[in-house]
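Here, each number is a calculation from the coordinates, and none is a lab measurement. The shown structure was predicted, so the numbers you read here are calculated from the model rather than taken from an experiment. Using ideal geometry, Cβ is built from the backbone for each residue, glycine included, and neighbour counts are taken over all protein chains shown.
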Amino acid sequence: MNRTERARSGHPLQLDLPDHGRSIQVDYIEIAQVLINLLENAAKYSPAGSPVSLTLRIRANDAEISVRDEGIGLPPGEEERIFDRFYRVEARDRPIGSGIGLAIARGFIEAHGGKIWAQRNDDRGITVRVTLPLAQRERAETALATVDGVKH
């Protein structure tokens with residue numbers, strides 16, 4: 001069993017990872033840890049067997065990764081607090097954990113020049129979104145390709 005399988009502990013993983021042929025310069029180990037932390041949290045706070053989705057979108061200057069769950073969600077106003085060290089969402093069946101996984105994720109993402117945030121889903125659960133800048137060469141090519149809003 002690999003680390004992502006353990007992280008999502010029996011939750012089906014729905015992937016939407018189109019091949020864009022674009023590059024992102026990242027520390028593989030740190031970003032892998034971010035994804036594992038996000039998948040673990042999604043699984044911990046979701047009903048057994050509920051799906052977790054992982055999506056990648058390439059935009060003009062960055063890549064956006066999102067992890068969506070169908071769990072207990074967040075109380076209003078807690079979207080930022082979940083990234084605080086040792087903070088844990090209050091839940092009836094409180095999952096085991098130290099409350100530092102998302103703080104670590106934020107540190108790694110910000111060290112890469114990216115951003116991470118959470119938002120409540122309309123139906124249930126949350127989506128955690130991460131943006132990471134494209135490699136400098138990729139950003140320059142994208143800018144040249146869309147000068148004045150016209151693709152060249």
Per 0.36 nm of contour for each residue apart, how much would the distance between ARG85 and ILE104 grow if the chain were fully extended, relative to their Cα-Cα spacing?
6.0 nm
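Go ahead and run the numbers for FRET between ASP123 and GLN25, Cβ-Cβ distance against an R0 of 41 Å, rounding to 0.05. Mind showing how you got there, number by number?
Values: r = 36 Å, r/R0 = 0.87.
So the FRET efficiency works out to roughly 0.70.
Could you rank the peptides 48-57, 33-42 by their average count of other C-beta atoms within 10 Å per residue, with the highest value first?
Working: 48-57: 15.6, 33-42: 22.7.
Sorting 48-57, 33-42 by mean packing, highest first, produces 33-42, 48-57.
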Computed ³J(HN,Hα) along region 120-134: with the Karplus parameters 6.51/-1.76/1.60, θ = phi - 60°, integer Hz and x for glycine or proline, the list is 6, 7, 5, 8, 6, x, 9, 10, 9, 10, 10, 10, 10, x, 5
Under the 0.36 nm per residue contour assumption, what length would be gained going from the current alpha-carbon distance of LEU13 and LYS115 to full extension?
34.4 nm
3J(HN,Hα) from dihedral phi, region 61-76, Karplus parametrisation 6.51/-1.76/1.60, rounded to Hz, x for glycine, proline
10, 8, 10, 10, 10, 10, 10, 10, 10, 10, x, 6, x, 10, x, x
In sequence order, what are the phi-derived ³J(HN,Hα) couplings for region 106-114 according to the Karplus relation 6.51 cos²θ - 1.76 cosθ + 1.60 with θ = phi - 60°, rounded to whole Hz, with x for glycine and proline?
4, x, 5, 5, 5, 5, 8, x, x
Using amide H atoms built in the peptide plane, which far-off residues or other-chain residues are under 5 Å from ASP62 H to H?
LEU134
How much net charge surrounds TRP117 when only other residues with a Cβ under 14 Å from its Cβ are counted (Lys, Arg +1; Asp, Glu -1)?
-1
